[in-house]
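The values are calculated or read from the model by the stated rules, or taken from the named source; none is laboratory data. Since we're looking at a predicted model, the values are computed, not measured. For neighbour counting, all protein chains shown are included, and Cβ atoms are generated from backbone atoms with ideal geometry for every residue, glycine included.
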Amino acid sequence: MNKKQFLHSLRDVYTRLGKGKHGIGIFAVREIPKGVDPMKRCDPYGSAIEVSEAELEAADAPEEAKRMIRDFCALQKGVYHVPDYGIDAVDKSYYMNHSDTPNMTTKDGGESFVALRNIKAGEELTANYDLYTEASHFTRK
């Protein structure tokens, strides 16, 4: 992306990270119309690498790095879906908190998200983790 493209891309900014009642979350900085993917520029070309739970445990890596995978990556049938650009460059969607009554949904297993309804500026974006990751992957309080 060059400077002109970057400046143009600012028109598509809908969200920012912020502190919510459940820790860090994603918040709308302006209204997000129903059906819009407010994080479409997070990684438009990336894909996921499949890493089994056993492979993660056997990896020669710091425990905190492994914990980041467990905390941020979807776990489906014993396999974590890790971004191919690495865990140090997670996109904002990794900070989306869970809700049983979400305002965002995914149709592709958590790769992208769209608004279920119009979302007002200042509102936290949430998703139902049960739709794309194993329930044991997170803790409800």
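For the stretch 117-139, the set of residues classified as at pLDDT 85 or above and assigned to a helix (DSSP H, G or I) consists of TYR129, ASP130, LEU131, listed by residue number. The set of residues in the stretch 38-78 that are modelled with pLDDT under 90, part of a helix (DSSP H, G or I) and touching a strand residue (DSSP E or B) at 6+ places or on another chain (Cβ under 7 Å) contains only ILE69.
Among the residues of the stretch 17-40, write down those that are charged (D, E, K, R) and touching a residue at least 40 places away in the same chain (Cβ under 8 Å). Of everything in the stretch 17-40, those that are charged (D, E, K, R) and touching a residue at least 40 places away in the same chain (Cβ under 8 Å) turn out to be ARG30, GLU31, LYS34, ASP37, LYS40. Can we say GLY23 is surrounded by fewer than 16 Cβ atoms within 10 Å (Cβ to Cβ) and over 15 Å from ARG117 (Cα atoms)? Yes: the conditions hold for GLY23.
If the condition is being without any contact (Cβ under 8 Å) to a residue 60 or more places away in the chain and in contact with a strand residue (DSSP E or B) (Cβ under 8 Å, 6 or more places away or on another chain), then the stretch 105-129 contributes THR105, THR106, LYS107, GLY109, GLY110, ALA127, ASN128, TYR129. SER93 fulfils the conditions (1) modelled with pLDDT of 90 or more; (2) among the hydroxyl-bearing types (Ser, Thr, Tyr); (3) closer than 13 Å to THR133 by Cβ except for a single criterion, (1).
Out of GLY25, GLY35, GLY110, which single residue is at pLDDT 90 or above and not in a helix (DSSP H, G or I)? That would be GLY35, the only listed residue that is at pLDDT 90 or above and not in a helix (DSSP H, G or I).
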